[in-house]
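As structure tokens, the structure follows; a few thoughts come after it.
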Amino acid sequence: MQAYLDQLIQGGAFAGMPREVVYAIGMLLAAFIVLSAFVAPLAGVTSWLERRVWARMQSRVGPNRVGPQGILQWLADGIKNLLKEDIIPTAADKKLFSLAPYIVFMGFLCAFVVIPFGGHLIVADLNIGILYILAVTSLVVVGILMAGWASNNKWSLLGGMRSAAQIISYEIPAGVSVLMIVFLAGTLSMQGIIKGQGWAPWDWYLFHNPFTFAGFFLYFTAALAEGNRTPFDIPEAESELVAGYVTEYSGMRFLFFFFAEWGNLYVIGAVATTLFLGGWQVPPLAIFENSPMLLAVAQFVTFFLKAYLWVFVAMWIRATLPRVRVDQLMSLCWKYMVPLSFICLLGTVAFMFVPADGQRITSAAMFGLGVAITIIFFLRVGFQIRQAKPELYFKPHI
């Protein structure tokens, strides 16, 4: 985006306008396009797909009334929340109460500025891109804490405090896991990290060495905890906190919190794809050489599918695992994930001194291990399906 604006400025398209004003207008336009054409539909469709995935995994019927297979359910939910009365409790801090949902929403939306959807499809390729994402997504905890405090409700306050403790704690293993890839790539730029990898899986940082392989799962687990996703959805635990920090919210303010949660799932997958899975890299086929548009589409589709795979995994986890207790949540972070992340960091630094041939052999071996684990996993899933008792299940008519 910035390079394109520079070309327009040099061509005299914005004669007489300060460069900063041109950048500001361009960023606002890009934000509107990303929000209206990608983020809003993505979050809405994800909310519908998540409920369908849960239904299939739990042998029940999901939303199937509004539109074909219920695909317009998210639009119906949005209209319903838009028409609901916006209630602010009398004893609440009205300014903070009203502002909190938008702080949460802004925290995840700003992350899309540096997400590289393709080789040239990025709003701003900042040289501190990954640091920027870690910074702006931290605004979410500020918004949630504001919501809990401003509601003047003890359950909401407990939910907000839990979220603050949870997100701040899990930022440590997540940040250390990110640091491993920064060391390998030698840059904080999201595009630079992707370009440091190849299109083939054995060239991804995921399989670079055993420590980055473990670091990927540490990052993904910590990211789920930071996103308040099951089994780490302690701040909104209905069983003991009614609905936590969203208890007093209604209408669109209520929806904005979950809008951010569903959109944040894609951010988690996009960051994981960028750091560990080669990003938008596609095979160097001859068909792409004379067709830049086709190449851009292929890069976007590749990146989207890789990122959305982990959105599906997050749905899968939420449909199958129970919520942990808050003491178990904090113990997992401080007693296990923080030490393991530092061990992986030190191991990655040590592995950087291994000769290039040794690194290639290790990458190939780690890729083979990953393939073997995947095969064993699906064989086990198939075995469980065959052993399941048919009378415990029913086939929903959808």
What are the residues in region 188-209 that are assigned to a helix (DSSP H, G or I) and surrounded by 21 or more Cβ atoms within 10 Å (Cβ to Cβ), if any? MET190, GLN191, ILE193, ILE194, TYR205, LEU206, PHE207
Since PHE367 meets every condition but one in (1) assigned by TED's automatic domain parsing to the domain that holds LEU275; (2) closer than 30 Å to HIS120 by Cα, which condition does it not meet? (1)
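If only one of THR212, THR230 is touching a residue at least 40 places away in the same chain (Cβ under 8 Å), part of a loop (DSSP other than H, G, I, E, B), of a type in the set (Val, Ile, Thr) and within 29 Å of LEU332 (Cα to Cα), which one is it? Before the answer, list the steps.
Working: THR212 fails: part of a loop (DSSP other than H, G, I, E, B).
The unique qualifying residue is THR230.
Quick one: which of THR348, THR302 is in contact with a Phe, Trp or Tyr (Cβ under 6 Å, 6 or more places away or on another chain), assigned to a helix (DSSP H, G or I) and without any contact (Cβ under 8 Å) to a residue 60 or more places away in the chain?
Numbers: THR348 fails: without any contact (Cβ under 8 Å) to a residue 60 or more places away in the chain.
When all the criteria are applied, what remains is THR302.
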Which of the residues spanning region 89-119 are assigned to a loop (DSSP other than H, G, I, E, B) and surrounded by fewer than 16 Cβ atoms within 10 Å (Cβ to Cβ)? THR90, ALA91
Selected residue (criterion: nearest to the chain's Cα centre (by Cα)) from residues of region 256-266 that are surrounded by fewer than 22 Cβ atoms within 10 Å (Cβ to Cβ) and in contact (Cβ under 8 Å) with a residue 40 or more places away in the chain: PHE258
Counting only residues that are of a type in the set (Phe, Trp, Tyr) and more than 25 Å from GLU236 (Cα to Cα), region 246-285 contains a total of 2
Residue by residue through region 47-87, note down the ones that are surrounded by 14 or more Cβ atoms within 10 Å (Cβ to Cβ) and at positive phi. GLY67, GLN69, GLY70
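Rundown of residues vs (1) within 30 Å of GLN299 (Cα to Cα); (2) under 27 Å from the mean Cα position of the chain (by Cα); (3) among the acidic types (Asp, Glu), yes/no style:
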{"residue": "ALA55", "(1), (2), (3)": "no, yes, no"}
{"residue": "ASN64", "(1), (2), (3)": "no, yes, no"}
{"residue": "LYS80", "(1), (2), (3)": "no, yes, no"}
{"residue": "ILE88", "(1), (2), (3)": "no, no, no"}
{"residue": "LYS95", "(1), (2), (3)": "no, no, no"}
{"residue": "PRO101", "(1), (2), (3)": "no, yes, no"}
{"residue": "VAL104", "(1), (2), (3)": "yes, yes, no"}
{"residue": "VAL113", "(1), (2), (3)": "yes, yes, no"}
{"residue": "GLY119", "(1), (2), (3)": "yes, yes, no"}
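The values are calculated or read from the model by the stated rules, or taken from the named source; none is laboratory data. Since this is a predicted model, take the numbers as computed values, not measurements. All Cβ positions, glycine included, derive from the backbone under ideal geometry; neighbour counts span all protein chains shown.
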